[in-house]
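Please read the structure below before turning to the comments.
The values are calculated or read from the model by the stated rules, or taken from the named source; none is laboratory data. The model shown is predicted, which means the values in this text are computed figures rather than measured ones. Heads up, the Cβs are rebuilt from the backbone with ideal geometry, glycines too, and the neighbour counts pull from every protein chain shown. SASA here: full protein model, heavy atoms, side chains in, ligands and nucleic acids out. Shrake-Rupley method; radii C 1.70, N 1.55, O 1.52, S 1.80 Å.
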Amino acid sequence: MYTLYYSPGTASMVVHLALLEIGAPYHLELVDFERDAQHSPEYLKLNPGGTVPALTIDGTVRFESGALLLMLAERHPEANLIPPAGTPEREAWQQWVVYLSNTLMSAYRLWFYPHELGYGEHPAAIRAAIQRRIESVWDRLDAQLAAHGPYLLGEQFSGADLMLTMLLRWSRNMPRPATGWPALKRLADLVRARPSWKKLYELEGLTEWQ
């Protein structure tokens, strides 16, 4: 039994999707962002970073969405969320998950939380620079998928596609959503058709970007 501390549509989404793909028993604990519960003393004892997700594994709380995806994928190889160790596909999986975590998620952080850069709202030039940074990632990933897709590992779906599709969703209200890139839209459509995606929407009460 796992316990996932989550908030709908946030970075916890990829971990929730992985749990649904695996089919392992788990329990959901809502971290209510509207009440700033992620910064409550109780939650900070679990995750001092004050972010979601956090996941209880064998009585120990772990965090960081990319790391949790890797942990779950390795603990449940039968779900085929990650290729076998020692294969070129495994190395590609690791490459893309780290790239998405380090390059794209960090850029999104700047986009969604201007106060972390010292602004109430982004100045136009800063906002445009962050937008270009995010869109440069879409350019690279769209080219990768167009040449070698439809998934990040080619013909084989994996947990890396869950992470990417979560991040595609986050762009839905940006000036140019990621689905404006054809290969990215194709990937999004494939993942959104999976039972895990539909079940997550039901459980988390999401409606946008189905």
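Only one entry in L100, L141, L152, L69 is closer than 25 Å to D32 by Cβ and hydrophobic (A, V, I, L, M, F, W, C), namely L69.
Being open to solvent by 30 Å² or more (accessible area, probe 1.4 Å), over 22 Å from Y108 (Cα atoms) and within 19 Å of the chain's Cα centre (by Cα) is a property that Y5 lacks. Residues that are among the acidic types (D, E), part of a helix (DSSP H, G or I) and more than 19 Å from the chain's Cα centre (by Cα): does segment 10-29 have at least one? Checked segment 10-29: no residue is among the acidic types (D, E), part of a helix (DSSP H, G or I) and more than 19 Å from the chain's Cα centre (by Cα).
Hey, any hits in segment 85-99 for a residue that's open to solvent by less than 40 Å² (accessible area, probe 1.4 Å) and not in a helix (DSSP H, G or I)? Within segment 85-99 (the criterion being open to solvent by less than 40 Å² (accessible area, probe 1.4 Å) and not in a helix (DSSP H, G or I)), the answer is yes, since at least one residue qualifies.
Scanning segment 63-79 turns up no residue that is touching a strand residue (DSSP E or B) at 6+ places or on another chain (Cβ under 7 Å) and of a type outside the set (A, V, I, L, M, F, W, C). Residue count for segment 35-76 under the criterion of being open to solvent by less than 80 Å² (accessible area, probe 1.4 Å) and not small (G, A, S): the result is 20.
Within segment 159-209, the set of residues being touching a Pro at 6+ places or on another chain (Cβ under 7 Å) and either assigned to a helix (DSSP H, G or I) or within 21 Å of A143 (Cα to Cα) (or both) comprises S171, R186, L187, L190, E204.
Within segment 129-151, one or more residues are touching a helix residue (DSSP H, G or I) at 6+ places or on another chain (Cβ under 8 Å), basic (K, R) and modelled with pLDDT of 95 or more.
Per-residue answers, yes or no, for (1) more than 30 Å from E155 (Cα to Cα); (2) in contact with a helix residue (DSSP H, G or I) (Cβ under 7 Å, 6 or more places away or on another chain); (3) modelled with pLDDT of 95 or more:
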| site | (1), (2), (3) |
| --- | --- |
| Y26 | no, yes, yes |
| L46 | yes, no, yes |
| P53 | no, yes, yes |
| V61 | yes, yes, yes |
| E64 | no, no, yes |
| E78 | no, no, yes |
| P84 | no, yes, yes |
| A107 | no, yes, yes |
| F112 | yes, no, yes |
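Could you please let me know if Q144 is over 29 Å from Q210 (Cβ atoms), polar (S, T, N, Q), part of a helix (DSSP H, G or I) and open to solvent by 40 Å² or more (accessible area, probe 1.4 Å)? So Q144 fails the test.
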